[in-house]
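Have a look at the structure below, then the notes.
The values are calculated or read from the model by the stated rules, or taken from the named source; none is laboratory data. Computed from a predicted model, the values in this text were never measured in an experiment. Quick reminder, even Gly has a Cβ in these numbers, built from the backbone with ideal geometry, and neighbours come from all protein chains shown.
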Amino acid sequence: MKTLFTSLLLIAASCSFGQYFQSLDTIKAPANLENIYSRPIYSDSLVSSFVIFIKKEVKAHKHIAHSEHVYILEGKGDMTVGNKTLEVKKGDMVFIPKNTMHSLKVLSSSPVKVLSVQSPFFDGKDRVMIEENK
């Protein structure tokens, strides 16, 4: 079931957009990763997909105009979506509706690696940072 989502996503992309295939296992974090590295996988007007590595955290933010699916490929962390915090690990998938606050704090010694699928097309312009209460 864990790899089923990823496989279906890749098959759908291949069928819909021609011969596109990317092995996510071959995508590695840069050796000098300080916190976040994002590698674009595919984008069109309807969707953007990325492999993202997080070494420490993703600060609280929301996206005004798009939703996001996050599939955990490696690592473990505490992910907050709205007012709920969940411990996420390899094989977990989280859906984040548009305009919903979310963040991630890494718990594993290695970075968290995720597949992020965002719809519609994501260019970063609708990201709104949220100041967390201390």
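Note on the stretch 72-84: among residues that are in contact with a strand residue (DSSP E or B) (Cβ under 9 Å, 6 or more places away or on another chain) and not in a strand (DSSP E or B), the one that is surrounded by the most Cβ atoms within 10 Å (Cβ to Cβ) is 75.
For the stretch 1-58, taking the residues that are β-branched (Val, Ile, Thr) and over 23 Å from residue 110 (Cβ atoms), the one that is modelled with the lowest pLDDT is identified as 11. Restricting the stretch 52-63 to residues that are closer than 13 Å to residue 122 by Cβ and in contact with a Lys or Arg (Cβ under 7 Å, 6 or more places away or on another chain) leaves a set whose member that is surrounded by the most Cβ atoms within 10 Å (Cβ to Cβ) is 63.
For the stretch 93-109, the count of residues that are within 17 Å of residue 27 (Cα to Cα) and either part of a loop (DSSP other than H, G, I, E, B) or out of contact with any Lys or Arg (no Cβ under 9 Å at 6 or more places or on another chain) (or both) is zero.
Every residue, every condition in (1) assigned to a strand (DSSP E or B); (2) more than 11 Å from the chain's Cα centre (by Cα); (3) of a type in the set (Lys, Arg), yes or no:
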| site | (1), (2), (3) |
| --- | --- |
| 65 | no, yes, no |
| 70 | yes, no, no |
| 86 | yes, yes, no |
| 113 | yes, no, yes |
| 128 | yes, yes, no |
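Taking the stated definitions as given, is residue 95 surrounded by fewer than 17 Cβ atoms within 10 Å (Cβ to Cβ) and within 13 Å of the chain's Cα centre (by Cα)? It is true that residue 95 is surrounded by fewer than 17 Cβ atoms within 10 Å (Cβ to Cβ) and within 13 Å of the chain's Cα centre (by Cα).
Has the stretch 109-120 got at least one residue that is out of contact with any helix residue (DSSP H, G or I) (no Cβ under 6 Å at 6 or more places or on another chain) and on the phi > 0 side of the Ramachandran plot? For the stretch 109-120, residues out of contact with any helix residue (DSSP H, G or I) (no Cβ under 6 Å at 6 or more places or on another chain) and on the phi > 0 side of the Ramachandran plot: absent.
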